[in-house]
Every structure is written in structure tokens, then in C-alpha cells.
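Remarks on the structure that follows.
Bear in mind these aren't lab numbers, they're just calculated from the coordinates by the rules spelled out. Everything numeric here is computed off the predicted structure, so don't read it as measured data. Positions of Cβ are generated from backbone atoms using ideal geometry, with glycine treated the same way; all protein chains shown enter the neighbour counts.
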Amino acid sequence: MRLFIYHANQCNPKKCTSLKMAKLGKAIIIKNPYKIPKNSLILNPFAEKAISSEDRDIIEKFGITAFDCSWKEAESIFKKFRFKNERALPFLIAANPINYGKPFMLSTLEAFIASLYIVNLKNEAYELTKCFKWAETFININYELLERYSKAKNSKEIVEIQKEYMVR
């Protein structure tokens, strides 16, 4: 599984999940956004389409790319670039020490874990949890949602599940 990370150098390197993933050989850091693999699935929180099981082929062939940047800068960074396969992650709760308990505020590691889980590459998702002690907690606190998302056929069903969950 090829995982790419555009790293914008806007974080504390000691707490950065991206840099540790690269150090462990789990991901490839990209410093130049023009070097991002064109056909990879791009995780973009502002994308119109949600990731779903129908994206599995793209991920298996071309990998996933996440952007590691400050949440404060994210919107301006994503507006600069347009990619073919942009997908947003649905509602999930962060388990990372910086944003624990906050909806949508996932670390790069959590974004990859969620993506893999949702497209039914669950073994690969669990493998990534070995990068940090707290990472399996992310799956545990989101387990019900992740399971429901992984059974959805397409983006539309993902959004329906998300809406249903959020009105509870």
C-alpha cells in the first residue's frame, strides 16, 4: 500500500505522525506539491465526494495522498491545488493527543487508518495503528461508524450515514 504525504512543515516535528510514519517506512514524504502522484486518492476535507468502498481500486493501484498542514492553513492550501481523485473523510472523532475527542480534527495517521478501514483494507488499517500507542484507540472510539462506513457502497451512502449519526 503506497501512502504519500505532502508535508508543509507546519507542525511540531516531535509530535508529527507523518514524520514518524515515514521514519518507520510506512509512508513517503513529498515536499513539493507538484510531485504528488496524479492518480492517487487525495484526502481533502473540502472535497465534494466522500471516500467509500468504490475508491478501493484507486487506492490499490495508485495509493493515497494526505496533506500534513496546519488546520488553520488547510483551506488556503487546498484551494491552491486541484486533483482528479479528491475525497473527504466522513464524521469521525480524533483520538490523537493534540485533538482528542474533537470531530474531524484527525491526524494524518488517523486519516490514513480511516481511509483504509472504510475501503475495507482493514488489515492495513490495523497495521498502521502500530505506529503510535494511542492509534488503536482511534478505531475503538469510531468502531461503530467505521463499520457502517465500510459497508456503504458509495459516497452518497457514506454521507447518509454521517447525517443520520450527526442528528442523534
Calculated from DSSP helices alone, with each H run of at least 4 adding -39500 (n - 2.57) and the total divided by the residues of the chain, [θ]222 nm to the nearest 500 comes to -12000 deg cm²/dmol
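Just the number, please: Stokes-Einstein D of the chain in µm²/s, Kirkwood Rh from C-alpha pairs, 37 °C, 0.692 mPa s. Kindly include the intermediate steps, with their values, before the conclusion.
On the way: Rh = 15.7 Å.
It diffuses with D of about 208 µm²/s by this estimate.
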Among 50, 94, 22, the residue with the largest mean-square fluctuation in a Gaussian network model of the chain built from Cα contacts under 10 Å is 22
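Can you give the local net charge around residue 116? Use residues other than it whose beta-carbon is closer than 9 angstrom to its beta-carbon, Lys and Arg +1, Asp and Glu -1. Present the calculation step by step, with values, prior to reporting the outcome.
On the way: positive: 122; negative: 124, 127.
Counting the neighbours of residue 116, the net charge comes to -1.
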